[in-house]
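Presented below is the structure to which this report refers.
The values are calculated or read from the model by the stated rules, or taken from the named source; none is laboratory data. Bear in mind that the values here come from a model prediction, so they are computed numbers and not experimental data. Here the Cβ positions follow ideal geometry from the backbone for every residue, glycine too, while neighbour counts run over all protein chains shown. Remember, those area values only see protein heavy atoms, side chains included, never the ligands or the DNA or RNA. Shrake-Rupley method; radii C 1.70, N 1.55, O 1.52, S 1.80 Å.
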Amino acid sequence: MGATIKWDEVEQGQELPAAEYQVHRVNLVMYAGASGDFNPIHWNERLAKSVGLPDVIAHGMYTMAQGGRYVTDWAGDPAAVVDYGVRFSSMVVVPDDDNGATISISGTIEEKLPDKRVIVVLTAKSGDARVLSKARAVVQLA
Amino acid sequence: MALNRDFIGRAYSSPAPYEVSRLKIKEFAAAIGDANPIYRDAEAAKAAGHPDVVAPPTFPIVFALAGAGEGLNDPEFGLDWSMVVHGEQRFTYDRPIYAGDRLLCTSTISEIRSVGRNEFITVRGDVTTVDGEPVCTSFNMLVERGGAK
């Protein structure tokens, strides 16, 4: 149990490898079922458009989960995340086609804290839109 | 219509313990597309030093608002759900959530403020085991668009 990344081996300002996550309509249907959030703007194109959205949009928590996945994959253990917060700054629009949407995530070690912890700041984009802001995780490293 | 400020500080308890199951964690991990074996295979989780299957960091959203619904849905509160979007979310973790945990959540409407035409509502959810061990805290900020008018 614990992170596989060693605190002594990371530096403030270090950039973490970027990752891309593909989102299709089926992922949103699965997320609705798993989370219990059945708001139709996340799966019903007709309803989404009727309330002025360009198309079906991903749950904010789905996007936050991709950021969480990014951090836990890097750290090597989900238990290493001690604090994780985001602001939902833009929508991830998920069209009904073969490509769906892409969420691109990158991270930077903003600060090294005592007790072998670091603050990782995330950038999450879909197309040109920055979909998360103030996205930061505190991670307990080895 | 502005939200009823009398609700600031009101706390609501989850109606019954939330029982974390291996299947629910597996379903959630599949939904977010995360193939990490420690979310679905108890042996892999144990080999990594955990007592059982681990929940992904955002899993608490599944139950963290269950208690708050009673307050947020109260007609006296005045919230129009059709205008609500999720503004911010944060979790702080005392320990990971594991399959087999029996969890309680106390949700408190901790802050309401007007920003322009919008109302910002923060709901804090304090999650513990049924034995009172702290597990995590959720900070859920909802935005009611046009609610401050």
Quiz item: Among (1) over 26 Å from A:VAL120 (Cα atoms); (2) within 9 Å of another protein chain (Cβ to nearest Cβ); (3) in contact with an Asp or Glu (Cβ under 8 Å, 6 or more places away or on another chain), where does A:VAL51 come up short?
Solution: (3)
Practice problem: Have a look at B:ARG124, B:ARG117, B:ARG113 and point out the one that is under 30 Å from B:PRO51 (Cα atoms), open to solvent by 20 Å² or more (accessible area, probe 1.4 Å) and not aromatic (Phe, Trp, Tyr). | Solution: B:ARG124
Quiz item: Given the residues B:PRO60, B:PRO15, B:PRO37, B:PRO56, which is the only one that is under 18 Å from A:VAL71 (Cα atoms) and more than 11 Å from chain A (Cβ to nearest Cβ)?
Solution: B:PRO37
Quiz item: Considering only residues of segment A:14-37 that are in contact (Cβ under 8 Å) with a residue 40 or more places away in the chain and open to solvent by less than 50 Å² (accessible area, probe 1.4 Å), which is nearest to B:ARG95 (Cα to Cα)?
Solution: A:LEU16
Quiz prompt | Within segment B:94-108, considering residues that are in a strand (DSSP E or B) and over 12 Å from the mean Cα position of the chain (by Cα), the one farthest from the other protein chains (Cβ to nearest Cβ) | solution = B:ARG102
Self-check item: segment B:10-69, subset among the acidic types (Asp, Glu) and not in a helix (DSSP H, G or I), residue nearest to the chain's Cα centre (by Cα)
Solution: B:GLU19
Self-check item: Enumeration of residues in segment B:122-139 that are within 17 Å of B:ARG10 (Cβ to Cβ) and out of contact with any helix residue (DSSP H, G or I) (no Cβ under 8 Å at 6 or more places or on another chain)
Solution: B:THR122, B:ARG124, B:ASP126, B:PHE139
Quiz item: Is there any pair with a first residue in segment A:84-110 that is free of Cβ contacts under 8 Å to residues at least 24 places away in the same chain and within 14 Å of chain B (Cβ to nearest Cβ) and a second that is open to solvent by 40 Å² or more (accessible area, probe 1.4 Å) and part of a strand (DSSP E or B) whose Cβ atoms are under 8 Å apart and which are 6 or more apart or on different chains, and what are they?
Solution: none
Practice problem: From the list A:GLY33, A:GLY13, A:GLY52, A:GLY2, pick out the single residue that is within 30 Å of A:VAL82 (Cα to Cα) and modelled with pLDDT under 95. | Solution: A:GLY2
Self-check item: The listed residue being surrounded by 21 or more Cβ atoms within 10 Å (Cβ to Cβ), among the aliphatic types (A, V, I, L, M) and farther than 23 Å from A:VAL86 by Cα, out of B:ALA99, B:ALA64
Solution: B:ALA99
Quiz item: Any residue at all in segment A:59-71 that is of a type in the set (Val, Ile, Thr) and more than 23 Å from A:ASP83 (Cα to Cα)?
Solution: no
Quiz item: What number of residues in segment B:18-49 are out of contact with any Gly (no Cβ under 9 Å at 6 or more places or on another chain) and open to solvent by 50 Å² or more (accessible area, probe 1.4 Å)?
Solution: 10
Self-check item: Residue in segment A:90-107 that is open to solvent by less than 60 Å² (accessible area, probe 1.4 Å), touching a helix residue (DSSP H, G or I) at 6+ places or on another chain (Cβ under 7 Å) and at pLDDT below 95 present
Solution: no
Practice problem: Show the residue pairs that are 6+ apart or on different chains and have beta-carbon atoms under 7 Å apart, the first residue being within segment B:75-86 and away from every other protein chain (no Cβ under 14 Å), the second being open to solvent by less than 30 Å² (accessible area, probe 1.4 Å) and not acidic (Asp, Glu). | Solution: B:PHE77/B:LEU3; B:PHE77/B:PHE7; B:PHE77/B:GLY71; B:GLY78/B:LEU3; B:LEU79/B:LEU3; B:LEU79/B:LEU72
